[in-house]
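Have a look at the structure below before the remarks.
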Amino acid sequence: MDSIELQKDSAFINALETAISKEGPFSNWELFSMAFQAELTTSSPSFNGLRALEYLPHVNFLDHQTDVAEQAIEKMNGRAILADEVGLGKTIEAGLILKEYMIRGLVKNALILVPASLVNQWVKELNEKFYIPAVAHRKNYSWKENPIIISSLDTAKRSPNREEIIDTEYDFILIDEAHKLKNHKTKNYQFVRAIKKKYCLLLTATPVQNRLIEIFNLITILRPGHLGNYDSFIEKYGKDRSKLEQDPYLKQLIQKVMIRNTRKATKLTESKRMIETLWIDFPDKAREVYDDLVNTTIAFSTFSKITYLREICSSREACYMSLSKISEHENNAAVLKPLLSKIEELPHHIKAEKAVELIKSIGDEKVIIFTEYRATQYFLQWYLQQHGISSVPFRGGFKRGKKDWMKQLFKDHAQVLIATEAGGEGINLQFCSHLINYDLPWNPMRLEQRIGRIHRFGQEKDVHIYNLVIRNTIEEHILTLLYEKINLFEKVIGNLDDILAELNISSIESEMESIYNESTSAGEVRIKLNNLSSIIQGAKNDSTAETEERLYGNY
Amino acid sequence: MAITNLNEFLTDYFTAKDCEIISNHDGVIQIQLNEQMDRELMNRPFYWHYIKKIGRTGDPMQLTLITNPKQRDAKGDWIHFGSPRLQQIMNHLKEKEKFTKLFQLIHATEKTPLHPWLVVNFKISYQGQHKKDEIISIGLHLVNGMMKLDMMNLLRKFSLQTTISDYCFTLSPMIKIKSGYIRMETVLSNYIEEQEHTWAKKSLELLQEEIQTLQHFYQDDLESEQMKKEQDELTKRYHPKVTLDVINGGIVYLEQHAL
């Protein structure tokens, strides 16, 4: 065939002639034939199939993961959106694809752009799991120093990094959390489109959040024109996402560049969530303080009053700290003084006692305790130590290195990790399967993030979640009205975000704050919370995973 | 001839590199490296720099390699096809063992001529939408022009060494090494041309399709930089090409009717 270009090896024969004229150096038969064997072993005799699997015998890939890798390489020719639901292992799929390309010699340099908080984790995963020598980008180092570089999009798009990157021809680009590129007018988007690339993977669990144009924009990064041009797309599909459901042709087109597995479809024999709420009664003294707080005449806003109530349910310390702060600069000193001294006199918090009992009954296994309050965290650390239980603290504010270090300490030495913030920090603790909600956050997303730390891909055991709730307090409100109603605990990480977006609720927290602020009685709060949870529940039933699947699933 | 027994491959390798195999039980090999191999494998240039500076000989390290997966928890490197250590060794081999000159071992009592063969191992890579490799080993008799395929396999039946045996002498080639090499290249070019290249046709079709999609997207702006960039990327990704690389090669002297 004429159009095939044949590239010959022009260097070898001259080098051989030189070696002969100089009498060597020559290899002996053993080493000469071993070099040949090595080449035979590493070459890829077939166009198809994943060679990488032979190279990674220590990784147990799940069927859907190898399927995704094969599909992305063989059907989509290396440009794809990997859109599996959270927790199905998109990182693993992407690593497998990159590895395959590297083994076949098709990728020599790669740029991997991920959220700043995940850079180290990606470096670790690619190196340890895939033996891909990826390094994190460091300030003042050239982008060309290492062939496989991991960085955050924010760093990469800043000058002079931007110019250096745009100047380079990359064999492989990967962007994690690619839904950040849904808007074609942003700097991020234009930057990514300007990068010269051969293969490109976009990873996101939420390829369409609001409007269909988002998926158009993502696909345009991979295959401009695949969905037509911008104007024709807008004209045909408008801006809403429901069209996706109605148009099988569009869905088919999207499936040519996007792979999405759902938990249901993969039939992942996932670990279960075992939820147990431990009801606790305040001892008399503490009850008295709580009631005093409820009935206090000080005119703090309803919302901050709620805050103090929540705090006293968590620890004396948390509440004491907040109250003593306001007793300093407001005219409340007279009322607060007796209250504060009452708090001072309280014995250890009943919850701490219960927590210790619980941890001891769990035995030697690792436990994570989540609390909303820093003061509670300090107190608990001390209290556990008094009872011979080793623990390490964890906060969102820790630097990356310190987080890794704490995680390691927890894994290797301590029994308990006491955390104030789960955040989208991407710290994965699958080696632990017990979680204590020492107090409950108001934002269900935060609760989901808490649970997501341990209930995620790679968790082999059932996950036990314990809620410590004090009866007849604000905690009971939150638990029964909000969480139990919407079955949040049983639900798997997923589309709550979408539901909230659909309902135009930007944040549950502020929604609740306004409920508390605008209500005049406990009864009113109850009714309004009830309404809120019914709305969420209703929306959830409409737009559950099945809809998602109908929208853009593969099955 | 691909590596099937890693344990054997590794012991052969370190023996060939003059390192002592201290023990080899149940898939756990313990090796005493020599200085050269320590420098090549252990990645500690500062140590060697320092040691040489103070005029000492240095202590090469020992290496424990585990080829039995059941022993993978033992202390040492677990070696499998993807393990970094094996990759390192294979890369060293490919990089360093490029050229050879070998003589058949013969117990001769009278003058015996040895005939020169040019042996070259090629790797052909076919790359379009996807990629595959083919490995071809060729031998060319540099006196009579006879060509043999699967040469490496044929050579396995001889004892080959780097020095010539007693009473043996080598015949001068009638065909220059370079001309011999060009003959091989021509044969391979023909071989490649005569193949059915459905893979390449498919890749070209795909490339055309993709370019059309692209043009549709940029219909108002066909000359734009971005369009050129995208088209460039497509060409790089799909345009079929075949590369012919030499793995290694050299001269092997054999008895007259050896092959």
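Under a plain spin-label model, where a point goes 7 Å from the Cα along Cα-to-Cβ, how far apart in nm are A:Arg158 and A:Ser519?
Each label point is offset 7 Å from its Cα along the Cβ direction, giving 4.5 nm.
Give the residue from B:Asn5, B:Gln256, B:Pro60 lying farthest towards the positive end of the charge dipole for chain B; charges sit on Cβ (+1 for Lys and Arg, -1 for Asp and Glu) and the dipole is referred to the Cα centre.
Towards the positive end, the residue furthest out is B:Pro60.
Testing the spin-label approximation: label points 7 Å from Cα along Cα→Cβ at B:Ser165 and A:Asp67. State their distance in nm.
That separation, rounded to one decimal, is 6.1 nm.
For chain B, with a Gaussian network of springs between Cα atoms less than 10 Å apart, report the residue from B:Trp199, B:Trp78, B:Trp48 with the top mean-square fluctuation.
Of B:Trp199, B:Trp78, B:Trp48, the most mobile in the Gaussian network model is B:Trp48.
FRET efficiency for B:Thr112 and A:Glu23, Cβ-Cβ distance as r, R0 = 30 Å, nearest 0.05? Provide the component values of the computation, followed by the final result.
Values: r = 22 Å, r/R0 = 0.74.
It comes out at approximately 0.85.
When the label point is put 7 Å from the Cα of A:Lys129 along its Cα-to-beta-carbon vector, which residues of region A:432-471 have a backbone N closer than 19 Å?
A:432-433, A:452-461
Take every Cα pair under 8 Å in region A:107-149 that's 6+ residues apart, average their separations, divide by the length, and report that relative contact order as a whole percent. Please list the in-between numbers first.
Values: 33 pairs, mean separation 20.2, N = 43.
Across region A:107-149, relative contact order equals 47 percent.
Between the alpha-carbon centers of region A:342-359 and region B:195-231, tell me the distance in whole angstrom.
About 70 Å separates the Cα centre of region A:342-359 from the one of region B:195-231.
Hey, if you put +1 on the Cβ of every Lys and Arg and -1 on every Asp and Glu Cβ in region A:52-266, which of A:Gln252, A:Leu174, A:Pro224 ends up farthest toward the positive end of that dipole?
The residue sitting farthest along the positive end of the dipole is A:Pro224.
Positive end of the charge dipole of region B:6-96 (Lys, Arg +1 and Asp, Glu -1 on Cβ, about the Cα centre): tell me which of B:Val28, B:Gln88, B:Gln71 has its Cα farthest that way.
The one lying farthest along the dipole's positive direction is B:Gln88.
In debye, nearest 20, what is the charge dipole magnitude of region A:183-237 about its Cα centre with +1 on Lys and Arg Cβ and -1 on Asp and Glu Cβ, if you could check?
Values: 9 positive and 3 negative charges, 66 e Å.
Using Cβ point charges on Lys, Arg, Asp and Glu, region A:183-237 gives about 320 debye.
Based on a Kirkwood Rh over C-alpha pairs, give the Stokes-Einstein translational diffusion coefficient of the protein assembly as shown at 4 °C and viscosity 1.567 mPa s in µm²/s.
Details: Rh = 31.6 Å.
The diffusion coefficient I find is 41 µm²/s.
Which value at 222 nm does the protein assembly as shown reach when only helices count, each DSSP H run of 4 or more adding -39,500 (n - 2.57), with the total divided by all residues and rounded to the nearest 500 deg cm²/dmol? Provide the component values of the computation, followed by the final result.
Details: 35 runs with 359 residues, N = 814.
Result for the protein assembly as shown: -13000 deg cm²/dmol, rounded to the nearest 500.
For A:Asp167 and A:Lys187, FRET efficiency with R0 = 25 Å and r from the beta-carbon atoms, rounded to 0.05? Write out the running numbers ahead of the final one.
Numbers: r = 18 Å, r/R0 = 0.70.
The computed FRET efficiency comes out at 0.90.
Taking the convex hull of the Cα atoms, report for region B:1-126 its projected area averaged over all directions, in nm².
Values: hull surface 51.4 nm².
Answer in nm², one decimal: 12.9.
If one puts a single equal scatterer on every Cα of region B:1-72 and applies the Debye formula without solvent, what log₁₀ I(q)/I(0) results at q = 0.14, 0.16, 0.21, 0.26 Å⁻¹?
-0.50, -0.62, -0.90, -1.15
Mean-square fluctuation check for chain B, GNM, Cα pairs under 10 Å: which of B:Tyr218, B:Tyr191, B:Tyr238 is largest?
B:Tyr218
Leaving out ligands and nucleic acids, note down the accessible area per residue over chain B with a 1.4 angstrom probe, in whole Å².
Values: 13260 Å² over 259 residues.
About 51 Å² of surface per residue is accessible.
Roughly how many debye, to the nearest 20, is the charge dipole of region A:318-414 about its Cα centre, given +1 on each Lys and Arg Cβ, -1 on each Asp and Glu Cβ, and no other charges? Please report the intermediate quantities before stating the final value.
Values: 15 positive and 11 negative charges, 96 e Å.
That gives a dipole near 460 debye.
If you place +1 on the Cβ of every Lys and Arg and -1 on the Cβ of every Asp and Glu, how big does the dipole about the Cα centre of region B:198-239 come out, in debye to the nearest 20?
Once rounded to the nearest 20, the dipole reads 360 debye.
Let me check the size of region A:52-266 from its C-alpha atoms; what are the radius of gyration and Dmax in Å?
16.9, 51
Determine the per residue accessible area of region A:1-105 with all protein chains present and a 1.4 angstrom probe, expressed in square angstrom.
Working: 3970 Å² over 105 residues.
That works out to 38 Å² per residue.
For chain B, calculate the relative contact order in percent as a whole number, restricting contacts to Cα pairs under 8 Å that are 6 or more residues apart. Mind showing how you got there, number by number?
Working: 376 pairs, mean separation 56.9, N = 259.
Answer for chain B is 22 percent.
Would you please give the FRET efficiency between B:Glu196 and B:Ser224, computed as 1/(1 + (r/R0)^6) with r the Cβ-Cβ distance and R0 = 45 Å, to the nearest 0.05? Walk me through the intermediate numbers first.
Details: r = 38 Å, r/R0 = 0.85.
The calculated FRET efficiency here is 0.70.
Taking all pairs of different Cα atoms in region B:19-60, averaging 1/r and flipping that mean, what Kirkwood radius in angstroms comes out?
Numbers: mean 1/r = 0.0875 Å⁻¹.
It works out to 11.4 Å.
Which value, in square angstrom to the nearest 100, describes the accessible area buried between chains B and A on both sides, using a 1.4 angstrom probe? Walk me through the numbers on the way to the answer.
Numbers: alone 16750 and 27580 Å², together 37140 Å².
So the buried area, both faces added, is about 7200 Å².
For region A:40-167, what size does the Cα cloud have along each of its three principal axes, sorted from largest down, in whole Å?
Largest to smallest, the principal-axis extents are 42, 36, 27 Å.
Which of the pairs A:Lys75/A:Lys236; B:Lys131/B:Lys241; B:Lys131/B:Lys236; B:Lys178/B:Lys241; B:Lys94/B:Lys236 have their Cα atoms more than 19 Å apart in this structure?
A:Lys75/A:Lys236; B:Lys178/B:Lys241; B:Lys94/B:Lys236
What distance in nm separates the two pseudo spin-label positions at A:Glu276 and A:Lys75, each 7 Å out from Cα along the beta-carbon direction?
4.4 nm
What does the structure give for A:219-227 when I average, per residue, the other chain Cβ atoms found within 10 Å of the residue Cβ?
On the way: counts 0, 1, 0, 0, 6, 10, 11, 5, 2.
For peptide A:219-227, the averaged partner shielding equals 4.
Of all the stretches in chain B, which is the longest one without any exposed loop site, taking GluC sites (Glu not before Pro) in a DSSP loop (any state but H, G, I, E, B) with at most 14 other Cβ atoms within 10 Å?
Working: sites that count: B:Glu110, B:Glu196, B:Glu223.
The reported range is B:1-109.
Using all alpha carbons of region B:198-239, what is the percent of pairwise distances in each 5 Å bin, ordered from the shortest bin to the longest?
Histogram of Cα-Cα distances, whole percents per bin: 5, 27, 29, 21, 11, 5, 2.
Grab the alpha carbons of region B:88-142, take their convex hull, and tell me the volume per residue in Å³.
Numbers: hull volume 6.4 nm³, N = 55.
Dividing the Cα hull volume of region B:88-142 by its residues yields 117 Å³.
Only Cα pairs within less than 10 Å get springs; with that Gaussian network setup on chain B, which residue of B:Lys94, B:Lys132, B:Lys53 has the largest fluctuation?
Comparing B:Lys94, B:Lys132, B:Lys53 in the GNM, the peak value goes to B:Lys53.
Dividing the alpha-carbon Rg of chain B by 2.2 N^0.38 Å yields what? Numbers along the way, then the final one.
Numbers: Rg = 25.2 Å, N = 259, 2.2 N^0.38 = 18.2 Å.
Its radius of gyration relative to the 2.2 N^0.38 Å reference: 1.39.
The values are calculated or read from the model by the stated rules, or taken from the named source; none is laboratory data. This is a predicted model, so every value here is computed, not measured. Neighbour counts run over all protein chains shown; Cβ positions are idealised from the backbone, glycine included. The accessibility values were calculated without ligands, DNA or RNA, using every heavy atom of the protein model including side chains. Shrake-Rupley method; radii C 1.70, N 1.55, O 1.52, S 1.80 Å.
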